[in-house]
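Every number in this text was worked out from the coordinates using simple rules, so none of it is lab data. Computed from a predicted model, the values in this text were never measured in an experiment. Cβ sites come from the backbone with ideal geometry, for glycine too, and all protein chains shown count toward neighbours.
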Amino acid sequence: MSAAFMLEVEEVTKIYRLGRIKVPALRGVTLGIRPGEMVAVMGPSGSGKSTLMNILGCLDRPSGGVYRLDGEEVGKKSDRELASIRNRKIGFIFQNFNLLPQLTALENVELPLIYRGVPARERRRRAEEALVRLGLKERLRHSPRELSGGQQQRVAIARALAAQPEVILADEPTGNLDSRAGEEILAVFQELNAEGITVVMVTHDPNVARHSERIVRLADGRIVSDERVLPEERLSAQELLAKLPGAEEGGEEK
Amino acid sequence: MTFLLSLKLAWRGILANKLRSFLAMLGVIIGVASVIALVSVGQGARLSIQRHLESLGSNVIEVHSQGWDVRFTPELIEDLKTRVAGVKYVMPVIGLGGNLKWRNNFIDTPAQGVTQDFLEIREFKLAGGRNLSEVDVRERRRVLVIGAAVAEQLFRGVNPVGEEVYFNNQRFTVVGVLAAKMPDQEYGIDRTIYLPYTTAQRLMGGAGRIDTINIKAAGAKEASQAALQLRRIFFKMYRRPDAAYVMSRDDMLKQVAEMNRTMTLMLAAIAGISLLVGGIGIMNIMLVSVTERTREIGIRKAVGAQNIQILSQFLIEAAIISGAGGIIGILVGSGASLLIRRFGPPTALSLFSILVAFGFALLVGAASGVWPAAKAAALEPTDALR
Ligand SMILES: Nc1ncnc2c1ncn2[C@@H]1O[C@H](COP(=O)(O)OP(=O)(O)OP(=O)(O)O)[C@@H](O)[C@H]1O
Ligand SMILES: [Mg+2]
């Protein structure tokens, strides 16, 4: 196997320590995700979905097991190398947006490019492009505080997109969006996926999960099922959007 | 990442937390300002005493009578010229003061009854006219040599030499004008008039007692030896140590410098403590802010910031706060020093204290900003984001 996978975990465990108590959040997860795949991760609350995503996103290190990203073992990398991986390879979209409130939407989106050293003009262009793509053309200079939850989440997604990552990891990306906005996000994901970007998203919504081509289910820190979505059952966000009333390109807030 | 960007991020960080930044800055401002103001007071005191002593001329010894029975007679003065080794001039001095009037202008001015030697002893130069002469002294002539400031204030552009003036209602002729020695001092030696001591004696009637002798020695070594010898002479004459106060200008200068070093050090210590307290203030606020901003650090790390990039942002933030605080502190401290000079004792700003205070503020600011930031930057992103 190995190099054929974009993301690959083998017997990965994660144990949180709360004082003397050990909380096992992952109890040995083995999973391989190929380049260009679109995978949904489901499971009840507390089953370890976010923990797994954090490890995949190099935001945390596993307690045991091996994680290979693009064939390279992450456990052996320095903090500096991990920062560079987070910056270039992975776009992480959080459940709670995680925008910097003191920066404008545009500046938030520029942030990963700033740390990469992209020249200002190029940075601005790419950040604007990403925001326009998410329908936030009129909100470039707004502070996150002045945006709705849905808009903030879209800024966060734009931030991930602007960095042109190989992998997008999204922890409940549509949880805070209404159905139309959520569908737009899924359309973006499917579009990116069609361009070859690997997408992994956590969701509680089976209909959201059906936009991917594979559904992995977790329960109590273990994988309990790993199924392909039948091509005839897979949903196309573009088609669904076309059917929704009042379709308008790049839909601004209603 | 370029420095400019760190700067911009840091600036935004400061603006996003205006009150916090201001409070941190306040500590620095107070610390730096108090160091500068207090040290300037100490320096000012030292300089003004030093200047006064220097105005006496180098290698000069002053002898003051300290009792009604201690009389300095012209005979004694002649005697000292030969008895004391290494002495170039011995001159009686009578201090008086009064009103000087020319046409409709008048000023109050201190005056000294001296001999023609005063020019050499005090190291004056003539700007115009002539010095007092032996004949002036012998014949008790009513002639004056006036200080530069007197000339300027009383005569307002007219050449005073040859002019008739009234000193305490007695008619005098101005024969000489001195060149300015200390132009920046309002009541310095340039604001004094000199007349023959014999004339002063007559002017004052019975009160015209010689209470001071000025002695100029050939060199510094001779001066301190002469001072010793003079003390011995007066002790023998009066059988008590305090009959005459013998003060060598150079010894005095040393003493004053010593005294003032202690005073300046003490003021600097007080000010240093306030700077330290200010520093602890920044440290405290920086610690709180980094703790508060752990989430921000987590977000930055999540999008790929390296520890060093986060650190440099916080370092620059701290440097801007303490640097700006330092600059404002310098301005406030200098302003305070000028105000004190205006309404109180003289002050003198010291570049050294400004640099030390500013450098210390920067250092404390940077250290206190970076240490907690380094701690936060070392967290795993998930831990910082929680
Ligand atoms: N930092 C932590 N310290 C201690 N325990 C933790 C920590 N983070 C997560 N856990 C525990 O690990 C388990 C898995 O948490 P995780 O956040 O991965 O669940 P999840 O599947 O994402 O749940 P949800 O659907 O509610 O987001 C839970 O029991 C949780 O309480
Ligand atoms: Mg979760």
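Which whole number gives the average, over all residues in A:53-59, of C-beta atoms from other chains lying within 10 Å of the residue C-beta? Write down the numbers at each step before the final one.
Values: counts 0, 5, 1, 0, 3, 4, 9.
Counting Cβ atoms of other protein chains within 10 Å of each residue's Cβ and averaging gives 3.
Using a/c under 1.5 as the rounded threshold, could you call chain B rounded, prolate or oblate? The axes a ≥ b ≥ c are square roots of the C-alpha gyration tensor eigenvalues, and prolate needs a/b larger than b/c, oblate otherwise. Each step should come with its number before you reach the end.
Values: a/c = 4.44, a/b = 2.76, b/c = 1.61.
Prolate, since a/c reaches 1.5 and a/b exceeds b/c.
Loop only per DSSP, at most 16 neighbouring Cβ atoms within 10 Å: give me the trypsin sites (Lys or Arg not before Pro) in region B:206-286, ordered by residue number.
Here the sparse-neighbourhood loop sites are B:209, B:239.
Which percent, nearest 5, of DSSP beta bridges in chain A are antiparallel?
Values: 23 of 40 bridges.
Rounded to the nearest five, the antiparallel share is 60 percent.
Rounded, prolate or oblate: which fits region B:98-221 when a ≥ b ≥ c are the square roots of the eigenvalues of the alpha-carbon gyration tensor, with rounded for a/c under 1.5 and prolate only if a/b beats b/c?
Details: a/c = 1.60, a/b = 1.14, b/c = 1.40.
In terms of gyration-tensor shape, oblate.
Pick out, in residue order, every one of the trypsin sites (Lys or Arg not before Pro) in region A:1-32 that is DSSP loop and has at most 16 other C-beta atoms within 10 Å; say none if there are none.
Values: sites: A:14, A:17, A:20, A:22, A:27; in loops: A:20.
Sites meeting the loop and neighbour criteria: A:20.
Arrange B:277, B:165 by Cβ neighbour counts within 10 Å, fewest through most, would you? Before the final figure, lay out each step's value.
On the way: B:277 12, B:165 23.
In increasing order of surrounding Cβ atoms, one gets B:277, B:165.
I'd like to compare B:310-319, B:18-27: which one has the highest average count of other Cβ atoms within 10 Å, and what's the full order after that? Walk me through the numbers before you get to the answer.
Values: B:310-319: 23.7, B:18-27: 18.4.
Highest mean packing first, the order is B:310-319, B:18-27.
Karplus couplings for region A:74-91 from phi (6.51 cos²θ - 1.76 cosθ + 1.60, θ = phi - 60°), rounded to Hz, Gly and Pro as x?
6, x, 8, 8, 7, 4, 4, 5, 5, 4, 5, 5, 4, 6, 9, 9, 10, x
What is the antiparallel percent of DSSP beta bridges lying wholly in region A:170-247, to the nearest 5?
On the way: 6 of 8 bridges.
In region A:170-247, approximately 75 percent of DSSP beta bridges are antiparallel ones.
Take A:123, B:342 and order them by how many other Cβ atoms sit within 10 Å, fewest up front.
Working: A:123 22, B:342 8.
Fewest-to-most Cβ neighbours within 10 Å comes out as B:342, A:123.
Set the bar at 29 Å for Cα to Cα. Now go through A:14/B:301; A:76/B:8; A:76/B:375; A:137/A:243; A:14/B:8; A:49/B:18 and name every pair that lies beyond it. Before the final figure, lay out each step's value.
On the way: A:14/B:301 21 Å; A:76/B:8 34 Å; A:76/B:375 22 Å; A:137/A:243 24 Å; A:14/B:8 38 Å; A:49/B:18 39 Å.
Beyond 29 Å between Cα atoms: A:76/B:8; A:14/B:8; A:49/B:18.
Among B:106, A:94, which comes first, then next, by fewest other beta-carbon atoms within 10 Å?
Working: B:106 13, A:94 23.
Ascending Cβ contact count within 10 Å gives the list B:106, A:94.
Based on DSSP H runs of at least 4 residues, each adding -39500 (n - 2.57), what is the mean residue ellipticity at 222 nm of chain B after dividing by all its residues, to the nearest 500 deg cm²/dmol?
-19500 deg cm²/dmol
Restricting to the protein assembly as shown, compute how many DSSP beta bridges are antiparallel as a %, nearest 5. Mind showing how you got there, number by number?
Working: 59 of 84 bridges.
Percentage antiparallel, nearest 5: 70.
Of the candidates B:210, B:340, B:146, which one comes out as most mobile in a Gaussian network treatment of chain B with C-alpha springs shorter than 10 Å?
The residue with the greatest mean-square fluctuation here is B:340.
Just checking the output field for B:348-356: average partner chain Cβ neighbours within 10 Å of each residue's Cβ? Write out the running numbers ahead of the final one.
Values: counts 0, 0, 0, 0, 0, 0, 0, 0, 0.
Shielding by partners across B:348-356 averages 0.
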